[in-house]
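Below is one structure, written out as structure tokens; comments come after it.
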Amino acid sequence: MDPIILNVIVGALSLGIGVFIASMMIKRSSERKSNNIIKEAHVKAEVIKKEKILQAKEKFLQLKSEHEKHINEKNSVIQRTEHKLKQRENSINQKLDDLQRKQKEAAQIKTNLSSQLDLVTKKQTELEKLHHEQVVQLQEISGLSADDAKEQLIESLKEEAKSEASNQIREIVEEAKLSANTEAKKIIIETIQRTAAENAIENTVSVFNIESDEVKGRIIGREGRNIRTLEALTGIEIIIDDSPDAIILSGFDPVRREVARLSLHKLVTDGRIHPARIEEVVAKTKKQIEQEIIEIGKRTVIDLGIHNMHHELIRMVGRMKYRSSYGQNLLQHSREVANLCSTMAAELGLNPKLAKRAGLLHDIGKVPDHEPELPHAVFGMKLAEKYKEKPEVCNAIGSHHDEVEMGSLIAPIVQVCDAISGARPGARREVVEAYIQRLNKLEELALTYPGVVKTYAIQAGRELRVIVGADKVSDAEADQISIDLSRKIQDEMTYPGQIKITVIRETRAVTFAK
């Protein structure tokens, strides 16, 4: 056989065998894949079946829970309804019992009233009988009839009426004699008219105007350190809110407010605002205010024509500008009283200069450097005696509220003029004075504790800041001071709302590089 043909035959056979083997392998592979697909389908079916069963169980439990909840709500409504019905039944039973009891009481009262009425009728009959018997006996004894007795009674009443009329006539005559008081009233009226003064009332809030909101941020400082330093040094609450171009300074002491306002003005004008600079400016401003107080005192005594007054008394007169008396500016009130006293003393022929001096100094006891235990009139008298004022002036100061007996004619003049100035409509506001007294009492209570250096009542008395010495008070003692002070304020004071007590303990290490 031809070898070429043999090779072709062998190749064809090989090709057929290869095709057969390949087809068999493909068939087995497809069978395996189909088996795998069937298995996966079974597995997925089982998973889906389990999920559906779980979902059905959850749905069943949910429906069961909602059904039980609905049943419980209905049961609670039924129970509440039963409770209300029982309450109403008890109330009705109680009202029935009360009604029956009241009916019994009414019947008893009716019975008692009937018996008492019979008794009263019987007593009245007896009294009429006794009265008739007494009239007969009196007529027999006196030998007068009832008409004669009436005539005698009328005569006696006439005599009594004449006596009363004469007494009234005598009183009218005495009142006419007292008409001389009209002249004194005329003097007082002329004095008031000749001495007119404006009514000045200090507020508890000052407004500091600024140019932009950027200045507010600089005043506040990093983490609020600038504003905290300024508040601690001045004792004034600085309120920075959304008000455009304005900062509010709140405090009951006008001197502190003025120090804070001037210090802010200097800091903003200078541009350097940091704690060290704030301390320097506040210290300088306090000295400036003290000098201004002295100047105000000197200008006041010069305006009033008062000479040879001690420089300490002049300084206290200047401090009056920053104090109030029942809402009335104390310096304005004292000047008004001084002018009234001078005019009234001149009308009465007394020394007008001495009266004016006593009128200006009569409330000097309200502006001490420290709070005394004495009434302001007595304390003012002691101050006047200390600085060599005349006895008449000292007595007038001490006696204008009757704590000391009056010893001169100037004393009643000062008392009257003080009352005239205070009684003028709109001159005083007692609510403001009570408010300031409450704030002063807050600060005084805190100062009684050892280690307390300064106290400031801020936020209209809703907060009390207490600064203690770091070398005298520990942290634990500061906490205890806060607790004890809050209890003491609760026990001894009356105030609206609540008061926050903040105790500040600060340690500073200061050295100088040379």
- Using the beta-carbon distance between Glu385 and Ile504 and R0 = 30 Å, what value does 1/(1 + (r/R0)^6) give for FRET efficiency, to the nearest 0.05? 0.15
- When the chain is fully extended, how far beyond the present Cα-Cα distance does Lys104 get from Leu157, taking 0.36 nm per residue of separation? 13.6 nm
- Note on the structure: Order by accessible surface, 1.4 Å probe, largest leading, for residues Val136, Val466 comes to Val136, Val466
- Task: Pop out the carbon and sulfur fraction of the accessible area of the stretch 296-409 as a percent, whole number, probe 1.4 Å.
- Result: 50
- Query: Where does each of 39-49, 309-319 land if you order them by average Cβ count within 10 Å, highest first?
  - Reply: 309-319, 39-49
- If you stretched the chain out fully between Phe512 and Ile483, how much longer would it get, using 0.36 nm times the residue separation minus the C-alpha to C-alpha distance? 6.6 nm
- Query: If amide H atoms are built 1.01 Å from N in the plane of the peptide, which residues on other chains or at least 5 residues away come under 5 Å of the amide H of Ile210?
  - Reply: Ala246, Ile247
- Give me the distance in nm between label points sitting 7 Å out from Cα along the Cα-to-Cβ direction at Asp402 and Glu292, one decimal. 4.0
- Item | Point-to-point label distance, Leu127-Thr81, nm (Cα→Cβ direction, 7 Å offset) | 6.6
- Message: I need the calculated FRET efficiency for the pair Asn7 and Ser34, taking r as the beta carbon distance and R₀ as 51 Å, to the nearest 0.05.
- Response: 0.80
- Query: Given a Förster radius of 51 Å and the C-beta distance between Glu211 and Arg462 as r, what FRET efficiency does 1/(1 + (r/R0)^6) yield to the nearest 0.05?
  - Reply: 0.95
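The values are calculated or read from the model by the stated rules, or taken from the named source; none is laboratory data. Since we're looking at a predicted model, the values are computed, not measured. With ideal geometry, Cβ positions are generated from the backbone for all residues, glycine too; neighbour counts draw on all protein chains shown. Areas reflect the complete protein model, heavy atoms only, side chains present, ligands, DNA and RNA absent. Shrake-Rupley method; radii C 1.70, N 1.55, O 1.52, S 1.80 Å.
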